[in-house]
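Novice: Once you've had a glance at the structure underneath, I'll fire off some questions.
The values are calculated or read from the model by the stated rules, or taken from the named source; none is laboratory data. Predicted model, so just to flag it, every value in this text is computed and none were measured. Counting neighbours? That spans all protein chains shown, and the Cβs are built from the backbone with ideal geometry, glycine included. When the accessible area is computed, the model is the full protein with side chains, heavy atoms only, and any ligands, DNA or RNA have been set aside. Shrake-Rupley method; radii C 1.70, N 1.55, O 1.52, S 1.80 Å.
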Amino acid sequence: MGPAEVLSLAGASGAQAAGTPLLLDLGHTISPGGDDLSHGRALDCWEVRKHNSSEWCRFIRSNPDCRLEGGFLNYLEGVFCVFPPRLLPLAITLYALWLLYLFIILGVTAEKFFCPNLSAISTNLKLSHNVAGVTFLAFGNGAPDVFSAVVAFSDPRTAGLAIGAVFGAGVFVTTVVAGGIALVKPFTAASRPFLRDVIFYMVAVFFTFMVLYFGRITLGEALGYLGLYVFYVFTVVLCTWIHRRQRGEGLAPPRPWEPEMLTDAEEQESLGTNSGDYGEEYRPLLPSQETSLRILTTALSPLDYRKWRRKPWYWRLFKAFRVPVELVLLLTVPVVDPDKDDLNWKRPLNCLHILTSPLLCILTLKSGAYGLYQIQGVFPVWGLVILVGSVLAIIIFITTSNEQPPKYHCVFAFLGFLASAMWINAAATELVNILRTLGIIFQLSNTVLGLTLLAWGNSIGDTFSDLTMARQGYPRMAFSACFGGIIFNILVGVGLGCLLQMTSSQLVVKLEPDSLLVWVLAGALGLSLVFSFVSVPAQCFQLGKAYGICLIIYYLAFLCVALLTEFRVIHLSTV
């Protein structure tokens, strides 16, 4: 008799009758045996490793539960059909390298293309720093996490990845990253922003805990997630306004050492990794009178050779991995830089973007299903996009100059935002599919993959930027970003992810955790927030190395408990 937390859940194959709640499985099921096939029921895909290696390919291809939703590559067929069983370690190695490269794609796209365009949009809309920081720029920095959560929620079999990643990243950032900041640079935390963000985050975690406890999320609750984030934005703006009024500063922008805008975007600005940094790397050598061909080749060069010669070998190695990604992104995603005199206007490249960006969007939407659709069975959609895009590109090229951006150049920021969002969505889809494949290979649940690999991968950029900011003398700002940035991820990630799964006939999404690990994860995040909420004011907001060491030890203990729970060393006894 197995432990009580292993439950048989319907909906593993994704089938659903009209009018019945959509079931999202937050773990994986283990079928009792082969009798399911004789009764016409599909086995769980995790059963493949229990069969003889000669039957792996037939099992994968004949079992509906082994079909991956979306994506361009079928990773399950690749590892179980293309590679022979004796080369399984090689397949796993290649998948692991591709997984790391997907994280690089996500990071480069968000940092150098998605965030700068969102910054340009917020500048164009004349939004204040605080509103832009907790809306557009928070979305830019949290894009990999949110897109990964939305993609994971889109398939009932991978919903555990979303919960694991959202909660796992929360535990990681509020313990390891926050503790690392205190170790690197002891400091006095900003009291009001810290208390505000921790309280909002605890409310969001409690809300999610209750949703998991009742096993379903309704339309009103999904909208409640988004409404809570809107209320958080309002609170940030109101608190900042009150703070400035008290100091007699009116509507003047906050000084850089006063971290009132508490998002990951703020730290990006302080580190110079937004659009200004991007512009420096690709600044033309000749100031003016350049030919269109020269402008195009210079703008498409992802390398600054002077910087290349100055950097150490490991930077060059990492840059070599990034170059193919940056080159493809430069070809398909326009970037508007409001900090430059010419707004980063590159006439030949921007005209090319009129063709490549819409083409990218239709070929990545639903894995190219819309782009390959033929109008009345004759003319493909991608052909129509090329035709219309070519005409528009020619018109723009004829009516503009190399030196002066057109009045409608801001439209390119919206086009760049859409194109980079499609890139992030495509990479997130592949990321979720490959994590599910690795879970099947190693017999791991989606939840543990979410709280480890997916959470670590999405948080690694925040970790380095926060620690670098602390070393540069901004520990308060970095510490505030730990709690302020992840509020967006949990509220928008869970709320939007579940909302997009609802239809007019189905307004309830069932979230049924079949594993004790989900509760361990939720409890660990809640406990870490309570610990910080109590201990930080108790230390009069003066945080030192002892606080940092306690947080890191807490995370290591949580990780041990989570892994022991996953491997059934810790389990619930059957009553």
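Novice: Quick one: which of G164, G142, G160 is touching a helix residue (DSSP H, G or I) at 6+ places or on another chain (Cβ under 7 Å), open to solvent by less than 10 Å² (accessible area, probe 1.4 Å), under 29 Å from F541 (Cβ atoms) and in contact (Cβ under 8 Å) with a residue 12 or more places away in the chain?
Specialist: Being touching a helix residue (DSSP H, G or I) at 6+ places or on another chain (Cβ under 7 Å), open to solvent by less than 10 Å² (accessible area, probe 1.4 Å), under 29 Å from F541 (Cβ atoms) and in contact (Cβ under 8 Å) with a residue 12 or more places away in the chain holds for just one of G164, G142, G160, which is G142.
Novice: Same structure, new question: Hey, among the residues in region 91-137 that are at pLDDT 90 or above and among the small types (G, A, S), which one's nearest to T235 (Cα to Cα)?
Specialist: A96
Novice: Filter region 357-393 down to residues that are of a type outside the set (S, T, Y) and either farther than 27 Å from K346 by Cβ or at pLDDT below 80 (or both), then give me how many there are.
Specialist: Going through region 357-393 one residue at a time, the tally reaches 13.
Novice: Could you identify the single residue in L68, L76 that is modelled with pLDDT of 90 or more, aliphatic (A, V, I, L, M) and closer than 22 Å to A369 by Cβ?
Specialist: L76
Novice: Kindly establish whether L525 is closer than 15 Å to F206 by Cα and either open to solvent by less than 30 Å² (accessible area, probe 1.4 Å) or part of a helix (DSSP H, G or I) (or both).
Specialist: So L525 passes the test.
Novice: Select, from I396, I362, the only residue that is touching a residue at least 12 places away in the same chain (Cβ under 8 Å), open to solvent by less than 80 Å² (accessible area, probe 1.4 Å), part of a helix (DSSP H, G or I) and over 30 Å from I104 (Cβ atoms).
Specialist: After applying the criteria, what remains is I396.
Novice: Going through region 165-181 one residue at a time, which ones are closer than 12 Å to P475 by Cβ and polar (S, T, N, Q)?
Specialist: Those that are closer than 12 Å to P475 by Cβ and polar (S, T, N, Q): none in region 165-181.
Novice: Another one. Let me confirm something: among V520, V536, which residue is open to solvent by less than 10 Å² (accessible area, probe 1.4 Å) and in a helix (DSSP H, G or I)?
Specialist: One residue alone meets the criteria, V536.
Novice: Next question. Quick one: which of L507, L511, L500 is touching a strand residue (DSSP E or B) at 6+ places or on another chain (Cβ under 8 Å), under 30 Å from E430 (Cα atoms) and open to solvent by 50 Å² or more (accessible area, probe 1.4 Å)?
Specialist: L507
Novice: Could you count how many residues in region 51-79 are surrounded by 14 or more Cβ atoms within 10 Å (Cβ to Cβ) and in a helix (DSSP H, G or I)?
Specialist: Qualifying residue count for the region: 12.
Novice: Could you run through region 145-157 and say how many residues are of a type in the set (S, T, Y) and either open to solvent by 10 Å² or more (accessible area, probe 1.4 Å) or touching a Phe, Trp or Tyr at 6+ places or on another chain (Cβ under 6 Å) (or both)?
Specialist: Result for region 145-157: 1.
Novice: Still on this structure, I have one more. Is it the case that region 325-336 has a residue that's modelled with pLDDT under 90 and either among the aliphatic types (A, V, I, L, M) or open to solvent by 40 Å² or more (accessible area, probe 1.4 Å) (or both)?
Specialist: no
Novice: Please enumerate the residues belonging to region 399-429 that are farther than 26 Å from F153 by Cα, β-branched (V, I, T) and crowded, with 16+ Cβ neighbours inside 10 Å.
Specialist: T400
Novice: Which members of region 433-465 meet the condition of being charged (D, E, K, R) and either open to solvent by 10 Å² or more (accessible area, probe 1.4 Å) or over 28 Å from E566 (Cβ atoms) (or both)?
Specialist: D462
Novice: A further question follows. State whether the residues of region 429-444 include one that is touching a residue at least 12 places away in the same chain (Cβ under 8 Å), more than 12 Å from the chain's Cα centre (by Cα) and either on the phi > 0 side of the Ramachandran plot or not in a helix (DSSP H, G or I) (or both).
Specialist: Yes, region 429-444 contains a residue that is touching a residue at least 12 places away in the same chain (Cβ under 8 Å), more than 12 Å from the chain's Cα centre (by Cα) and either on the phi > 0 side of the Ramachandran plot or not in a helix (DSSP H, G or I) (or both).
Novice: Still on this structure, please answer the following. Within region 147-189, track down each residue that is at pLDDT below 85, aliphatic (A, V, I, L, M) and farther than 15 Å from V492 by Cβ.
Specialist: A159, L161, listed by residue number.
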